[in-house]
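Enquirer: Before we start, here is the structure in question, set down as structure tokens.
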Amino acid sequence: MKQLRYDLILIALLLLLSAAAWLLLRPRGEGAVAVVTVDGAEAGRYPLSEDRTVWIESPGGYNLLTIAGGAAAVTEADCGDHTCVRTGEIRLDGQSIICLPHKVVITVEGGEADGVDLSAH
Ligand SMILES: [Zn+2]
């Protein structure tokens, strides 16, 4: 009887731990993705939760999209104005990086509209 009660406590603890882990492991919008369009056509969508670099080819040249730490940024491009590179990181729903010379648009969809982050922009 006593043994059974310990088992129940253990199970309850494990459930609590996994719930806590689940909450901790899904920071800022699990569903946030960077949507890449080239000349109006969707070229790909990449979750912000996975660090990666994406080479974007367009008729005008290239943009290097870097996703790290839950944010997306164009870190390299051979366009003339480099506005896309200077835009910096985007991570919130609706934010976008636009490279006019290459007709490349990168938009965040589904990210959490975090009030604290919003005020910083
Ligand atoms: Zn550019």
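Enquirer: Could you give each residue of the range 49-58 its phi-based ³J(HN,Hα) in whole Hz, using Karplus coefficients 6.51, -1.76, 1.60 with θ = phi - 60°, and x for Gly or Pro?
Expert: My calculation for the range 49-58 gives 7, 10, 5, 6, 10, 10, 8, 9, 8, 9 Hz in order.
Enquirer: OK, next. Over the range 33-86, give the accessible area per residue in Å² for a 1.4 Å probe, as an integer.
Expert: Details: 2620 Å² over 54 residues.
On a per-residue basis, 49 Å².
Enquirer: State, as an integer percentage, the relative contact order of the range 33-119 based on alpha-carbon contacts under 8 Å between residues 6 or more apart. Display every interim value, and only then the final one.
Expert: Numbers: 194 pairs, mean separation 23.8, N = 87.
Answer for the range 33-119 is 27 percent.
Enquirer: Net charge around residue 67, counting only other residues with Cβ within less than 12 Å of its Cβ (Lys, Arg = +1; Asp, Glu = -1)? Walk me through the numbers on the way to the answer.
Expert: Details: positive: 45, 52, 91; negative: 50, 51, 89.
Local net charge: 0.
Enquirer: While we're here: Could you check how much of the accessible area of the range 33-119 is carbon and sulfur, as a whole percent, using a 1.4 Å probe? Mind showing how you got there, number by number?
Expert: Values: 2270 of 4360 Å².
Using a 1.4 Å probe with all protein chains present, the range 33-119 comes out at 52 percent carbon and sulfur.
Enquirer: Any idea which of 49, 12, 60 is furthest toward the positive side of the dipole for the range 12-74, if Lys and Arg beta-carbons carry +1 and Asp and Glu beta-carbons -1?
Expert: It is 12.
Enquirer: Work out, step by step, the length gained on full extension between residue 23 and residue 42: first 0.36 nm times the residue separation, then minus their alpha carbon distance; give nm to one decimal. Kindly include the intermediate steps, with their values, before the conclusion.
Expert: Values: separation 19, 0.36 × 19 = 6.84 nm, distance 3.16 nm.
Net length gain for the segment: 3.7 nm.
The values are calculated or read from the model by the stated rules, or taken from the named source; none is laboratory data. These numbers come from a predicted model, not from an experiment. Cβ atoms come from the backbone with ideal geometry, glycine included; neighbour counts cover every protein chain shown. We work out accessible area using only protein heavy atoms, side chains counted, and drop any ligands, DNA or RNA first. Shrake-Rupley method; radii C 1.70, N 1.55, O 1.52, S 1.80 Å.
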